[in-house]
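Participant: Input: one structure, supplied below.
The values are calculated or read from the model by the stated rules, or taken from the named source; none is laboratory data. All figures in this text were calculated on a predicted structure; none of them were measured in a lab. Note: ideal-geometry Cβ built from the backbone for every residue, glycine included; neighbour counts use all protein chains shown.
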Amino acid sequence: MTELIQALIFGVLTGSVYALMATGLTLTFGVMKIVNLAQGAFLILAAYLCYTLWARLGIDPLLGSLIVTVPLGALGVLVYRLIIERVQRVDHGLTIVVTFAIALVAEAVIALVWGPDPVTATPAYFNRAFHLGSVSVPAAQLYACLLAVAITVLLQAGLRRTWLGHAITAAAENPDGARLVGVEPKKIGTWIFAIATATTAFGGAALSFLYQFTPDSQDIWIGLTLSVVIVGGLGSITGAFAAGVLLGLAESVTSTYVSVRWAAAVPTILILLVLLIRPQGLFTLAARQDAAA
Amino acid sequence: MRPAGTAVTSHATTIRRAVIAVAVVALAVFPLVSNDLYYQAMLILTFLLAIGATGWNIMGGYAGYISLGNSVFVGLGAYTTGILAAKQNISPFLGCLAGGLVCALAAAVLSLVTRRSRGMYFTIVTFAALQLLAIVATIWSGLTGGSQGLALPLPAWSLSYEDWPFYYSLLGLLVLSVAVSAGVRRSKLGLGLFAIQDDEGKAAGLGLAVSVYKLIAFVLGGTFFGVAGGIYAYYVTFLNVSAVFDIVTSMLIVLAALLGGRGTLWGPVLGAFIIEPLANLTSTSLGGADAGAVRLLLFGGLLGGVVLFLPRGVLPTWHAWRRKDHDHPERTVVPPAADASPGAPAAEGTSRGTRSRDGAVLTVRGLAKAFGGVRAVDGVDLDVAPASVTGLMGPNGSVKTTLFNLIDGTVRASGGRIALAGRRVERSGRPARSHGGLARTYQLPRLFPSLTVLENVVLAERRLTLSRLFLPRVTAAERPRALAVLADLGLSGCADASPAMLSYGQRKLIELAQVLWLDPALVLLDEPAAGISPALSERLAGIIRRLRTDGTGVLLVEHDVAFLASLCDRVYVMADGRIIACGTVREVSADPAVVDAYLGDQVALATADQAASRVESAS
């Protein structure tokens with residue numbers, strides 16, 4: 001019983017972090033129908049930046065993530081304006097190929113700058129845990145989970161309350177209608193990419209002290225975040241949160257009761273199952289698809 | 001993409017054939033005249049990549065479904081062959097066939113994903129499948145050797161044969177896969193795949209069993225690459241998971257196909273012959289700890305560059321440049337269509353047999369559709385009798401088009417029944433409903449720009465038979481019939497043109513020709529007369545009358561009340577997702593509920609009234 005409770009707690013904590021890591025992908029995927037395969041590499045880049053701030057200047061990754069949002073947001077704008085927006089105009093189907101190319105280039109650049117060896121940040125709370133009876137809650141996981149909840153709530157409020165949020169939602173639901181009322185897709189696209197990659201800083205911060213990472217581990221993280229987005233359904237931040245937790249639980253239960261090695265296969269198995277059985281995601285309602293046709 | 005207008009100067013064809021023949025002969029004699037193993041090895045890997053890219057192209061270039069996980073097939077092929085050789089002592093040259101079979105199965109399963117989702121989901125699935133198989137291969141170490149790797153028996157032949165068996169079997173496989181790819185392009189299968197790339201929903205509506213097309217396309221490409229992977233396994237004699245299931249291999253495949261020209265026959269081969277030597281060069285000239293990262297940077301950058309600056313690839317760009325240079329006559333404007341009098345008797349081939357005229361051809365009962373919380377269609381009952389024209393009118397937003405989408409299966413209904421000639425179809429897919437006798441046109445005509453007008457017409461498929469897929473794009477029997485249909489519509493001059501070069505009205509007529517080709521029992525026409533000239537509109541009315549005479553039931557959405565009144569036996573009026581009135585045009589325009597629905601739209605009703613009385617006084 002304790003084992004199960006432990007697995008569940010661990011699953012929820014990890015899952016919320018997964019959702020946090022997938023936020024950027026959720027935004028670009030949902031609103032712009034662009035699968036940004038470079039998101040995994042951006043995540044690793046953010047983790048390396050947080051790690052460097054911590055290792056060189058002693059800045060806590062949770063705090064450092066605020067600084068890292070700036071270069072990452074700028075990177076998002078550049079990538080969108082210089083590459084994705086152009087490709088999208090010629091052939092939308094090729095955007096996924098070009099983001100794949102960006103992922104490989106980013107991985108290479110990260111490897112050239114930081115080298116291939118695995119690193120991880122070890123702030124003071126790194127190995128600490130809170131104990132509730134026989135159940136233990138690791139402090140680092142808990143802080144990361146709180147960060148994830150905070151960011152999700154903030155983003156959700158931003159989408160509901162601000163003009164930009166409304167414009168983004170409008171553009172997601174009906175691009176042509178949005179254009180008619182003066183929502184310029186290129187401008188919205190720039191904002192979305194800026195926000196999407198900037199929030200990656202928080203996911204990267206959590207990653208930097210929760211996991212060991214190498215440049216080529218971007219491959220694992222893009223698979224995992226894709227899984228969150230697909231299970232959660234297109235573009236739904238709350239859906240992604242639920243999916244992240246589900247994925248975290250599934251992994252945690254798999255590693256407790258099956259084997260740790262099979263836990264690594266859980267995200268991709270979920271992707272395949274969901275796309276085979278319920279491609280619209282587990283947490284979305286059917287939406288009207290023919291409006292634009 | 002294939003240019004519309006098949007006439008390519010025979011001169012260019014001769015040159016191209018000569019170049020290909022010389023290249024094949026040169027590759028065939030190369031190992032005999034040179035014993036340079038470095039170049040033999042490079043060519044072996046080039047053949048492998050060319051087979052991979054050619055196979056990828058059938059799905060990615062023809063059907064437009066991009067896979068980022070095609071190294072799955074080389075991995076599966078290699079491991080199947082390796083395991084059979086290491087554990088069962090089966091010759092890799094036999095084992096690789098089993099590898100191909102395993103890949104065919106895997107491709108068939110993966111292609112199932114495209115039944116319910118499109119485009120990028122397929123890309124994601126291939127990407128995920130590659131990751132999953134790499135993980136499974138690592139975990140299942142009893143079978144695959146896991147991270148230790150798997151060693152195959154060494155080749156037993158005399159050293160004086162060098163790598164010839166690998167070289168020639170891969171060269172042969174490459175020639176075979178290019179031949180298959182060429183065959184696909186020329187067949188109905190290829191025609192359907194290009195149509196799927198242009199507009200998959202429309203293709204399904206014309207009766208094409210699109211999931212079968214995609215399945216065959218993906219299986220063909222995967223199988224060849226799987227067999228090649230088996231030979232590759234024997235060649236390297238040692239397999240480890242990270243090298244065999246490497247995403248970089250997938251990347252090189254996509255890069256080769258895009259660079260050479262996606263959707264062309266020779267582009268992927270050309271791309272492979274550029275990329276693999278380059279890869280070989282970098283792996284020999286780069287050293288040190290950073291070599292891997294530099295290669296990744298180079299090829300990732302190259303892929304990005306190709307997508308950004310050469311999205312069509314070398315071959316199509318070159319062809320476009322040459323065409324501009326020579327200004328082929330076939331690119332000039334389509335000759336004006338010869339006029340055919342409306343209502344003229346149908347050309348011989350198009351006349352249809354007599355149909356049963358009893359019972360409704362379409363019965364809709366209690367049809368409902370909710371989008372989220374909105375009940376868009378709310379309990380619609382509707383009948384269309386054979387040999388009749390039934391109108392459907394209603395203010396904008398009264399979901400007439402949605403009703404069409406429900407009837408033809410574009411959108412699944414949330415409740416209610418739909419029967420075509422007595423057979424329930426509300427759970428069938430679009431191709432099945434099309435085979436059941438249903439055909440439709442769209443508010444804005446949807447034609448396939450990468451096919452010629454003639455190919456657009458003959459694309460429609462009345463039933464799926466496997467043998468049909470291997471017929472030429474336009475068979476000798478179909479050609480005169482299709483030309484007759486076009487002549488009948490006054491479009492004889494356009495048979496070999498691209499639909500993109502035609503006027504809006506002409507495109508509408510061609511969409512009608514696609515419908516006529518299906519010889520349907522029920523036709524749904526969505527605003528056929530909107531935005532076309534009075535002359536074309538007259539011709540259209542003639543065609544609709546003839547459909548009725550031939551026993552077809554027609555359901556017609558139209559805002560032009562005079563047009564409706566002149567054609568329809570009865571009309572249904574919709575508002576807010578319900579049928580609010582039914583009867584002759586004159587009856588419904590007197591109905592207060594209808595007046596209410598069109599509130600303030602008195603002009604339209606006055607016109608309707610006048611039109612109706614004009615029709616009556618004329619008869």
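Participant: Looking only at the range B:381-394, count every residue that is farther than 21 Å from residue B:561 by Cβ and assigned to a strand (DSSP E or B) and tell me the total.
Facilitator: Within the range B:381-394, residues that are farther than 21 Å from residue B:561 by Cβ and assigned to a strand (DSSP E or B) number 2.
Participant: Tell me, please, whether a residue that is more than 29 Å from residue B:63 (Cβ to Cβ) and surrounded by 24 or more Cβ atoms within 10 Å (Cβ to Cβ) can be found in the range A:24-31.
Facilitator: Yes, the range A:24-31 has at least one match.
Participant: Here is a follow-up. Can you find a residue that is crowded, with 23+ Cβ neighbours inside 10 Å, of a type outside the set (D, E, K, R), under 18 Å from the mean Cα position of the chain (by Cα) and not in a loop (DSSP other than H, G, I, E, B) anywhere in the range B:481-499?
Facilitator: The answer is yes, given that some residue of the range B:481-499 is crowded, with 23+ Cβ neighbours inside 10 Å, of a type outside the set (D, E, K, R), under 18 Å from the mean Cα position of the chain (by Cα) and not in a loop (DSSP other than H, G, I, E, B).
Participant: In contact with a Pro (Cβ under 8 Å, 6 or more places away or on another chain), surrounded by 17 or more Cβ atoms within 10 Å (Cβ to Cβ) and either farther than 13 Å from residue B:56 by Cβ or within 14 Å of another protein chain (Cβ to nearest Cβ) (or both): is that true of residue B:256 in this structure?
Facilitator: Yes: the conditions hold for residue B:256.
Participant: Still on this structure: Any residue in the range B:14-28 that is in contact (Cβ under 8 Å) with a residue 12 or more places away in the chain, surrounded by 14 or more Cβ atoms within 10 Å (Cβ to Cβ) and within 24 Å of residue B:312 (Cα to Cα)?
Facilitator: There is no residue in the range B:14-28 that is in contact (Cβ under 8 Å) with a residue 12 or more places away in the chain, surrounded by 14 or more Cβ atoms within 10 Å (Cβ to Cβ) and within 24 Å of residue B:312 (Cα to Cα).
Participant: List the pairs whose first member sits in the range B:239-250 and is facing chain A (nearest Cβ under 10 Å) and within 18 Å of residue B:295 (Cβ to Cβ), whose second member is among the polar types (S, T, N, Q) and in a loop (DSSP other than H, G, I, E, B), and whose Cβ atoms are under 8 Å apart, counting only residues at least 6 apart or on separate chains?
Facilitator: Close Cβ pairs (under 8 Å, with a partner that is among the polar types (S, T, N, Q) and in a loop (DSSP other than H, G, I, E, B)) amount to B:250/B:67; B:250/B:70.
This table checks each residue for (1) more than 24 Å from residue A:158 (Cβ to Cβ); (2) touching a helix residue (DSSP H, G or I) at 6+ places or on another chain (Cβ under 7 Å).
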residue: A:181; (1), (2): no, no
residue: A:189; (1), (2): no, yes
residue: A:197; (1), (2): no, yes
residue: A:203; (1), (2): no, yes
residue: A:206; (1), (2): no, yes
residue: A:227; (1), (2): yes, yes
residue: A:230; (1), (2): no, yes
residue: A:233; (1), (2): no, yes
residue: A:239; (1), (2): no, yes
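Participant: Is it true that residue A:228 is surrounded by fewer than 22 Cβ atoms within 10 Å (Cβ to Cβ) and part of a helix (DSSP H, G or I)?
Facilitator: Criteria not met by residue A:228.
Participant: Follow-up question, since we're still on this one. Could you look through the range A:144-155, keep only residues that are more than 13 Å from the chain's Cα centre (by Cα) and buried (at least 21 other Cβ atoms within 10 Å of the Cβ), and pick out the one that is nearest to residue A:208 (Cα to Cα)?
Facilitator: Looking at the filtered set, the residue picked out is A:144.
Participant: Where residues in the range B:284-327 are of a type in the set (Lys, Arg) and at pLDDT 85 or above, which of them is surrounded by the fewest Cβ atoms within 10 Å (Cβ to Cβ)?
Facilitator: B:295
Participant: Please go through the range A:86-101 and give me each residue that is within 7 Å of chain B (Cβ to nearest Cβ), part of a helix (DSSP H, G or I) and among the charged types (D, E, K, R), ordered by number.
Facilitator: Result: A:86, single match.
Participant: Go through the range B:86-106 and give me each residue that's among the small types (Gly, Ala, Ser) and away from chain A (no Cβ under 14 Å).
Facilitator: B:86, B:91, B:95, B:98, B:99, B:100, B:104 - these are the residues of the range B:86-106 that are among the small types (Gly, Ala, Ser) and away from chain A (no Cβ under 14 Å).
Participant: I need every pair where a residue in the range B:360-378 that is surrounded by 18 or more Cβ atoms within 10 Å (Cβ to Cβ) and part of a loop (DSSP other than H, G, I, E, B) has its Cβ under 6 Å from the Cβ of a residue that is modelled with pLDDT of 85 or more and not acidic (Asp, Glu), sequence separation at least 6 or different chains.
Facilitator: B:360/B:385; B:361/B:384; B:361/B:386; B:361/B:421; B:361/B:521; B:361/B:522; B:361/B:553
Participant: For the list (1) within 13 Å of chain B (Cβ to nearest Cβ); (2) at negative phi; (3) modelled with pLDDT under 95, I need the number of the one condition that residue A:115 fails.
Facilitator: (2)
Participant: For the range B:534-566, name all the residues that are among the charged types (D, E, K, R) and free of Cβ contacts under 8 Å to residues at least 60 places away in the same chain.
Facilitator: B:560
Participant: I would also like to ask the following. Given the options A:99, A:14, A:28, A:95, name the one that is closer than 19 Å to residue A:150 by Cα and either touching a residue at least 12 places away in the same chain (Cβ under 8 Å) or touching a Ser or Thr at 6+ places or on another chain (Cβ under 6 Å) (or both).
Facilitator: Checking each option against the conditions leaves just A:14.
Participant: If a residue counts only when it is over 16 Å from the mean Cα position of the chain (by Cα) and within 14 Å of chain A (Cβ to nearest Cβ), which helices (runs of 4 or more DSSP H) contained entirely in the range B:395-462 have at least 3 such residues?
Facilitator: Once the helices (runs of 4 or more DSSP H) in the range B:395-462 are filtered for at least 3 residues that are over 16 Å from the mean Cα position of the chain (by Cα) and within 14 Å of chain A (Cβ to nearest Cβ), what remains is B:400-408.
Participant: Take the range B:64-98 and flag every residue that is under 17 Å from residue B:155 (Cβ atoms), part of a loop (DSSP other than H, G, I, E, B) and not aliphatic (A, V, I, L, M).
Facilitator: Once the filter is applied, which keeps residues that are under 17 Å from residue B:155 (Cβ atoms), part of a loop (DSSP other than H, G, I, E, B) and not aliphatic (A, V, I, L, M), the range B:64-98 yields B:89, B:91.
Participant: Which of the residues belonging to the range A:209-222 are in contact with a Pro (Cβ under 7 Å, 6 or more places away or on another chain), more than 21 Å from residue A:12 (Cβ to Cβ) and part of a helix (DSSP H, G or I)?
Facilitator: A:215
Participant: Next up: Tell me the residue from A:70, A:137, A:149 that is in a helix (DSSP H, G or I), over 26 Å from residue A:223 (Cβ atoms) and away from chain B (no Cβ under 13 Å), please.
Facilitator: After applying the criteria, what remains is A:70.
Participant: Just the residues that are within 25 Å of residue B:204 (Cβ to Cβ), of a type outside the set (D, E, K, R) and at the interface with chain A (Cβ under 8 Å from one of its Cβ atoms), please, taken from the range B:109-139.
Facilitator: The answer is B:112, B:113, B:117, B:119, B:120, B:121, B:123, B:124, B:125, B:129.
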